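S.K.: Handing you this structure, nothing more for now.
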Amino acid sequence: MRDVLFLPLNNEKEIVISTDCSGAIGEKAGDEVYAPDRIVAYFSMRVAMMELMAVGGSASAVILSNFTGDQAWSEYMEGIQQVFTELEISPLPVIGSSETNMSLLQSAVGLTVLGGIYKERKRIKRTPADACFAVIGEPLVGAPVLTEKERVAPLSLFRKLLEIAEIYEVVPIGSKGILYEFGQLLKDNNLSDCNVHCFLDLYKSSGPATCFLISYSKSAEEMIQQVAGRYYYNLHIQS
């Protein structure tokens, strides 16, 4: 299953929750990777929003857990707002808490997104046996996420592809890599395992969802390639 939690609300709708966290990445001397706090929050928020939107959810509010200290709050908020801007959605209410009693040697932040989803529009377990597959963007982790931004799938493109009816499912790729998420997608849809080949490293961590997997109808392949452009990487399937 996806990295989201569904909770019953009524006969037609469910609550959907997604989350992401980051540790030892930031502006403190003890951090393993230096990055502006704004960028750290941006990528964590990016992951949480992609997870929620990929299953058909609509976000309503955000919870910010800030362990870095009061001085990081405004920067974290800027990163969160940047995600709203790139997705072209109205800013959501944000609540949260900062650890001020203890001073940590490394940065740490957690973001949780709360939203709603109509059961009939849930975008999971929709991939048929004759579906095609592709990866949008490239898997990156650590410093390359910042230094090779041109390889990261843009949120604007993610939003466009979500609107294409011929795309059955969208799966953000995380630390376990493309092949793992592809296998989970097959399992969720009761599809047989198969050999898969791709120009990309199928085992590499995709860190903060720098790429995502799509399943789609063959009839829309050319159109999807045109929309995704240089971010499109086909998964060649061999049964």
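The values are calculated or read from the model by the stated rules, or taken from the named source; none is laboratory data. Because the structure is a prediction, the values reported are computed rather than measured. Please note: Cβ atoms are built from the backbone with ideal geometry, for glycine as well, and neighbour counts cover all protein chains shown.
S.K.: Considering only residues of the range 25-41 that are surrounded by 14 or more Cβ atoms within 10 Å (Cβ to Cβ) and hydrophobic (A, V, I, L, M, F, W, C), which is farthest from G115 (Cα to Cα)?
M.R.: Checking each candidate, the answer is V33.
S.K.: Scan the range 192-239 residue by residue and report those that are in a loop (DSSP other than H, G, I, E, B) and surrounded by 16 or more Cβ atoms within 10 Å (Cβ to Cβ).
M.R.: Initially, the range 192-239 is screened for residues in a loop (DSSP other than H, G, I, E, B), giving 192-194, 198-210, 217, 235, 239.
Once the filter is applied, which keeps residues that are in a loop (DSSP other than H, G, I, E, B) and surrounded by 16 or more Cβ atoms within 10 Å (Cβ to Cβ), the range 192-239 yields C198, L200, L202, K204, S205, S206, G207, P208, A209, T210, S217, L235.
S.K.: Going through the range 34-86 one residue at a time, which ones are at pLDDT below 95 and among the small types (G, A, S)?
M.R.: A35, the sole residue that qualifies.
Yes or no, residue by residue, for (1) more than 17 Å from P208 (Cα to Cα); (2) of a type in the set (D, E, K, R); (3) touching a strand residue (DSSP E or B) at 6+ places or on another chain (Cβ under 9 Å):
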| site | (1), (2), (3) |
| --- | --- |
| N11 | yes, no, no |
| A24 | no, no, yes |
| V47 | no, no, yes |
| Q82 | no, no, no |
| S90 | yes, no, no |
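S.K.: Within the range 172-191, count every residue that is of a type in the set (A, V, I, L, M, F, W, C) and either in a loop (DSSP other than H, G, I, E, B) or in the same structural domain as F43 (by TED's automatic domain parsing) (or both). Quick ask: steps written out before the conclusion?
M.R.: If we filter the range 172-191 for residues that are of a type in the set (A, V, I, L, M, F, W, C), which is where we start, we get 173, 178-179, 182, 185-186, 191.
If we keep only those that are either in a loop (DSSP other than H, G, I, E, B) or in the same structural domain as F43 (by TED's automatic domain parsing) (or both) as well, we get 173, 191.
Residues meeting the conditions: 2.
S.K.: Please find, among A54, A29, the residue that is within 19 Å of the chain's Cα centre (by Cα) and among the aliphatic types (A, V, I, L, M). Please lay out each step first, then the result.
M.R.: Working: A29 fails: within 19 Å of the chain's Cα centre (by Cα).
Only one candidate qualifies: A54.
S.K.: Do we find that L114 is touching a helix residue (DSSP H, G or I) at 6+ places or on another chain (Cβ under 9 Å) and touching a residue at least 60 places away in the same chain (Cβ under 8 Å) in this structure?
M.R.: Details: touching a helix residue (DSSP H, G or I) at 6+ places or on another chain (Cβ under 9 Å): yes; touching a residue at least 60 places away in the same chain (Cβ under 8 Å): yes.
Against the criterion (touching a helix residue (DSSP H, G or I) at 6+ places or on another chain (Cβ under 9 Å) and touching a residue at least 60 places away in the same chain (Cβ under 8 Å)), L114 qualifies.
S.K.: Can we say Q226 is modelled with pLDDT of 95 or more and out of contact with any Asp or Glu (no Cβ under 8 Å at 6 or more places or on another chain)? Show your work before the answer.
M.R.: Working: modelled with pLDDT of 95 or more: yes; out of contact with any Asp or Glu (no Cβ under 8 Å at 6 or more places or on another chain): yes.
When the stated conditions are applied, Q226 passes them.
S.K.: Can you tell me which residue among V135, V170 is at pLDDT 95 or above, under 23 Å from L87 (Cα atoms) and in contact with a Lys or Arg (Cβ under 8 Å, 6 or more places away or on another chain)? Please lay out each step first, then the result.
M.R.: On the way: V135 fails: in contact with a Lys or Arg (Cβ under 8 Å, 6 or more places away or on another chain).
Within the list V135, V170, the selection yields V170.
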